[in-house]
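The values are calculated or read from the model by the stated rules, or taken from the named source; none is laboratory data. Fair warning: this is a prediction, and the values are worked out from it, not measured in the lab. When we count neighbours, we look across all protein chains shown, and the Cβ atoms used for this are built from the backbone with ideal geometry, even at glycine. The area values use the complete protein model at the heavy-atom level, side chains included, leaving out ligands, DNA and RNA. Shrake-Rupley method; radii C 1.70, N 1.55, O 1.52, S 1.80 Å.
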Amino acid sequence: MTSETTYREKGRAVVLAALMVLSVVAMSAAFAGGAAAVNSSNTETINDGDRFWQGEQLYVSGIDSNNWDSSTEDEVALIDDEGTLVREIPLKSTDDDSTPYINLDTSELSGEYSLEAATTGTPSSVNFTVNDQNLQADFSANETSLNTEEDLTLTSARNGYDVNVTAEGISGSNLAHALGVKGNADVTVTDDVVTIETVESSQEWTVAFDEGNFSTGEQTFTFTANDTGAETSTSIELTSAADTTANFDANTYEQEVGDVAQFTLEPSQTDEMYVNVTEENENYHAVLRVHSYDDADEVTVNFNTYTASTDVAGSFSAADKGEVELVNSTNNIGGDNRLLPSDFEMEAYVANSSEGEADATDAAILILNERSTDDLTTWTAPATHNVDSDIDTILEDATQSDTVANGDLLVTEVEASGVYGYMTNDAGELVGEGLNINYTDTNDPRYSSPDQFGVNDLGNDAQIVEDAENDTFYVVADIGAHDKVDNDETWNVSFSVNESNGYIQNADDEELVSQEVDVEERSIDFASELDDEDRLEIENSENSEITAETNVAPGTEVTYRIRFPTEVTSGEAVVGEDGTATASWDFSDKEAGQEIDNIRVTETGADAETSASGIIVQGESSAPDSFEYDVSTSPSEPVVGDDVTGTITVENPAEDTMSEDVTFTFDGEELANDTVELEGGASATIVDGATLLENASAGDYEWELTADGEVVADGTLTVEDPDKGDGSDGDDGSDGDDGSDGDDGSDGDDGSDGDDGEDGDDSDDGTPGFGVGVALVALLGAAMLALRRQN
């Protein structure tokens, strides 16, 4: 097959050749026209160790402060870190003063390099590095909706460079607004490019995707370093804008009048919300603006229902985030009245409803119920707690009681509602109108009033803690610190709401709860009686105990100190709810009759203590110190031909974990050897159905079980031959004189008992077949056989 060139192909070749010539001419013209004038002000010298960035165009005039020596050199050598020539770069002259320079293009360099050529000074080479700028841009999310914001981060190995930013289809002005840099001194906007100067190595912007500037779909941002051309892009998917709303987090809210009600708003695509709060009979109306909550997902508003009628603006506040301000209000309740139980309609808006037509985005109901005073309970807590300690910590150690040892804390728990909007001031003092917490001596003198003082009279010796969420408050007080309180007195603790309160109409409606509390002198004593010589008896056991009885608060620590003639030991215990504190020691090494010089028990950090001499007495047997074993066989009474298995179980009867080294030997063969460890009260099977005999032969087989080298059980397993029985009894002789029983015979292979001998003639006993003596011997033999099998 041959190939021929057609006229069409020849014409195409001519055209292509012409195009090639034209392109070469055009490129030459382009380079000639694009060559920029280089003046000496554009050049720089390189110092040893300088760092440059890939893509930079450098006009290098020499090394350090010395120019290239153009009289001896025509080019400068570029050498890589392995000493290999990369290329020779020709020397050129600047347009203004003919300073020699080279054009160093770093776009394809990366790593360590050197330039070598003669200069007008000493150095003839210089080392420098070229690094990749490594631009990387990322959004904080892959997708977001219009009218939202997302963080955009640009990172680079380089710091302090200028970058051009573009976003597809977005003008430079709108892009600068979206980046939040519009109008900044270091920002230049031209057409669709935003140039940001001196960008940090990790730079972050918050991009606002306003619906007026951006559209749905993929949006790409591109970043280009000005001087190196390093470039990176990142994209984010934009979806339709979400609805702008303000919603309540519940449909119904409830609280008692006099307390602080709360409701929570959830904003969506809005930086401010409005709320209308309207009493069902329209006697009370408030319009609120909620704002400055940043990016919070919810904002909780406090509504003090006690001050609502006297200070509308001050009754509303933000619980934690944001700010709440009153926009408009109507108050027909009157300054001398309080909000009464009623329903309040609440509507949420994203625009000010008081300035014209606006549509509510959500609605809810606030129900204000009747307030009440319900109950009072007293507790006692250890004196080691401070009055102002954390209430949860105090309550953990508190015990409900109507008795308090002088110096312990008296905790009064009051169940009441409708008081938490005004009960205390910022200093924690009781200031609520008509609210009283009093302590009154029940001893009513004949010619004067009983002693009484209020909670504020205790000063720093009392603390009021409110738990409004549970309609409860606590008063923690050291009432013994008041100079009117003495030991062995009974005081009445009360909380009352009188007619000075806005919710109490007259004296007949006054509310009162109270509890009487006995104040006792702190005391502690031994729970056990002393012996005739006033000594406390202590057993010599591993768990020798001493118990004290006291009236101090449960949870109080008690310290024991025991002085022997030659040593001193101590111990600690905590008072339980039964008023006792028990400590224990290991006195198992003490001899009965050994005397103790002194035993003293003291409640930690307080005054109550007692002491006595003591004596060691013989204690009860100590706790088990070894395992209990059970050895069994199957069958329990084997006969010739049986396969016999053995099982051994063990139990730890003690409270503590113990271990023993156990061995089991059967018929001279060791079948088990192991260390057994059991927790207190636990049991285990250490030999489970092990084969002892196969097709057993008649005879006796000895076995032994040892623990820690001591024999704990042993015995003999007897295999009987049923065909031979126990040996013949011989002929029944005549009863005669009862005759002799004869020898029992040797056990032999068949275990026969030997002949019983002749009985002789029947005697006057009249026992058929046997005489009395024979019967007794048989009975004794059976008993001994039974005992042997048990072993």
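Below is a table of values for the structure above.
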read-out: Gyration tensor (alpha-carbon) shape descriptor, the chain, a/c threshold 1.5; value: oblate
read-out: Region 212-294, relative contact order [Cα under 8 Å, separation at least 6], %; value: 19 percent
read-out: Model label zone, residue 545; criterion: amide N under 20 Å from point 7 Å along Cα-to-beta-carbon; scope region 569-589; value: 570-589
read-out: Rounded tilt (10° steps) of 772-790 against the dominant C-alpha axis of the chain; value: 10 degrees
read-out: Mean Cα-pair separation over length for region 508-573, i.e. relative contact order, pairs under 8 Å, 6 or more apart, %; value: 25 percent
read-out: Among 176, 403, 479 - extreme Cα towards positive end, dipole of the chain, charges at beta-carbon; value: 176
read-out: Taking the chain and dividing mean pair separation by its residue count, relative contact order in percent (alpha carbons under 8 Å, at least six apart); value: 5 percent
read-out: Helix 7-34 axis, angle to the chain major axis (alpha carbon atoms, nearest 10°); value: 90 degrees
read-out: Net charge of Cβ neighbours under 9 Å - reference residue 206; Lys, Arg +1; Asp, Glu -1; value: -4
read-out: Euclidean distance of C-alpha centroids, region 249-270 and region 507-536, integer Å; value: 47 Å
read-out: Calculated FRET efficiency for the pair residue 426/residue 588, C-beta based, R₀ 56 Å, to 0.05; value: 0.35
read-out: Probe 1.4 Å, accessible area per residue of the chain, Å²; value: 54 Å²
read-out: Förster radius 25 Å - calculated FRET efficiency between residue 343 and residue 509 (Cβ-Cβ, nearest 0.05); value: 0.60
read-out: Surface share of carbon and sulfur [accessible, 1.4 angstrom probe, percent] for the chain; value: 38 percent
read-out: Cα gyration tensor category, rounded, prolate or oblate, for region 576-643 with a/c compared to 1.5; value: prolate
read-out: Distance between region 43-121 and region 652-709 - C-alpha centres, whole angstrom; value: 93 Å
read-out: Spin-label pair residue 132/residue 231, simplified geometry with 7 Å Cα→Cβ offset, distance in nm; value: 1.7 nm
read-out: Whether region 107-238 is rounded, prolate or oblate, judged on the alpha carbon gyration tensor where a/c under 1.5 counts as rounded; value: prolate
read-out: Computed [θ] at 222 nm, helices only, for the chain once each DSSP H run of length n ≥ 4 contributes -39500 (n - 2.57); value: -2500 deg cm²/dmol
read-out: Residue 516/residue 159 FRET efficiency (R0 60 Å; Cβ-Cβ; nearest 0.05); value: 0.20
read-out: Region 57-93 residues near the modelled residue 108 label - backbone nitrogen below 12 Å, point 7 Å along Cα→Cβ; value: 86-88
